[in-house]
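The values are calculated or read from the model by the stated rules, or taken from the named source; none is laboratory data. Quick caveat: nothing in here was measured; it's all calculated off a predicted structure. Cβ placement follows ideal geometry from the backbone for every residue including glycine, while neighbour counts extend to all protein chains displayed.
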Amino acid sequence: MNFPVALAFLVLLFSITFFVIHNEQTDPYMDEIFHVPQAKQYCQGNFSHWDPMITTLPGLYLMSVGILVPLGKALGVETTNVCSVLWLRSVNLLFAIGNFYVIYAIMCKLHQKEKIEPKIAVTALTLSLLPLLFFFNFLYYTDVGSTFFVLFMYLLHLQGNKALASIVGIIAIMFRQTNIIWVIFMAGLTARQVIVDWFKEKSGNSYQRKSIKEHPDVSTATNPSEDNEVTLFQIVKLLLNPPQHKKLNLIYLIFCILKSSACHIIIILGFLVFVYVNQGIVVATVPQKLLEFRYFIIPYLIFRLNIRTGFWVQLWTEAMLYMVVNFLTVYLFVNKPFKWENSPDVQRFIW
């Protein structure tokens, strides 16, 4: 399976599932009862309105307005209609397709020397079907957009575009404040690369001899991107026993780290100011419980993207497992509604 085939299959599957869920649940459900009215207020230009039950920043609503209002004008659709539940949910459908592309692009970047494009396409398809994320593709929640912008930031970082990655990081934080963790993570990756480059320069011929011995292909041994063989132990050893003919100049190293991570540091400092002024991370005035299974989506994806693709049987087994779980989840949501004794509202199973 190649990228176009995987993309076509995913678009078809997402479209069918979207309309099945929407036709069954046309009204806002669960947290949508907060998100949808807030987005509609923004669509009407009322940016001063804020629901105190909402815990996240207004990134999802601003992005929805930026997409749907111009689209509505282009199609001749009134703003009140273009910001309906159907249209708002469709924004996440766009992010869901975007997640597939970004996952595929990241894997191509990380595993470019393995030349396993069909496996990468299948893996990207499989990760796009991750059950914890899959169901939220079809509701108006922050999870899908948050995941997209964090992964997009990661892709831009891998491509060396750190300034643009930082801008996307700000957008990710606007979707969910906890994404500041991933901005810090990118700053750490940047610092690591600076340290690795510094180590290679300062260790000099001894490192090059070791690299050539381990990698007979000199071009591979000296490629700056090939830093897997550089370990923390080697760096500490260099600090304790530096070459006599080279000065380590640690102050300059720190300066280089700060310079390379400047964009990330500015965002982190800005976020600390926000937390101080807001007297906390969440923007809700009502106490909320924040820890849920879906908050582990991004950590798992980052981990999964950085491990090698397995055998075909492993990939297809994982894909089939995800599809079975997703099918059962959608089936229960559509066909097994229930009611609590203390509420007349229809309830449905959801992650």
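A compact table of results
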quantity	calculated
Selection status of S15, of a type in the set (S, T, Y), surrounded by fewer than 18 Cβ atoms within 10 Å (Cβ to Cβ) and within 25 Å of M323 (Cβ to Cβ)	yes
Qualifying positions in segment 156-196 - under 11 Å from the mean Cα position of the chain (by Cα) and either surrounded by fewer than 19 Cβ atoms within 10 Å (Cβ to Cβ) or without any contact (Cβ under 8 Å) to a residue 24 or more places away in the chain (or both)	V168
Hits in segment 25-42 (condition: surrounded by 15 or more Cβ atoms within 10 Å (Cβ to Cβ) and over 26 Å from the mean Cα position of the chain (by Cα))	Q25, Q41
Residue within segment 55-70 that is over 21 Å from S146 (Cα atoms), modelled with pLDDT under 90 and among the hydroxyl-bearing types (S, T, Y) present	no
Close pairs from segment 310-321: first under 19 Å from L10 (Cβ atoms), partner modelled with pLDDT under 90 and in a helix (DSSP H, G or I), Cβ under 7 Å, at least 6 apart	L315/K119
Scope segment 43-57; condition touching a Phe, Trp or Tyr at 6+ places or on another chain (Cβ under 6 Å) and surrounded by fewer than 20 Cβ atoms within 10 Å (Cβ to Cβ); matching residues	D51, M53
Restricting segment 322-351 to residues that are basic (K, R) and in contact (Cβ under 8 Å) with a residue 12 or more places away in the chain, the residue that is surrounded by the most Cβ atoms within 10 Å (Cβ to Cβ)	R348
Of all residues making up segment 313-347, the number that are touching a Pro at 6+ places or on another chain (Cβ under 9 Å) and aromatic (F, W, Y)	1
Any helices (runs of 4 or more DSSP H) falling wholly within segment 256-351 and containing at least 2 residues that are modelled with pLDDT under 85 and among the aliphatic types (A, V, I, L, M)	none
Any hit, segment 161-183, residues being outside any helix (DSSP H, G or I) and under 15 Å from S260 (Cβ atoms)	yes
Criterion violated by Y141 - all others in (1) under 16 Å from the mean Cα position of the chain (by Cα); (2) in a helix (DSSP H, G or I); (3) touching a residue at least 12 places away in the same chain (Cβ under 8 Å) satisfied	(2)
Hey, T126 modelled with pLDDT under 90 and closer than 20 Å to F293 by Cα or not	no
Set F333, F303, F296, F274: member being more than 23 Å from L57 (Cβ to Cβ) and out of contact with any Asp or Glu (no Cβ under 8 Å at 6 or more places or on another chain)	F303
Condition met for T147 (surrounded by 23 or more Cβ atoms within 10 Å (Cβ to Cβ), in a helix (DSSP H, G or I) and of a type in the set (V, I, T))	yes
Among the candidates L125, L62, L94, L75, residue that is more than 21 Å from Q25 (Cα to Cα) and free of Cβ contacts under 8 Å to residues at least 40 places away in the same chain	L75
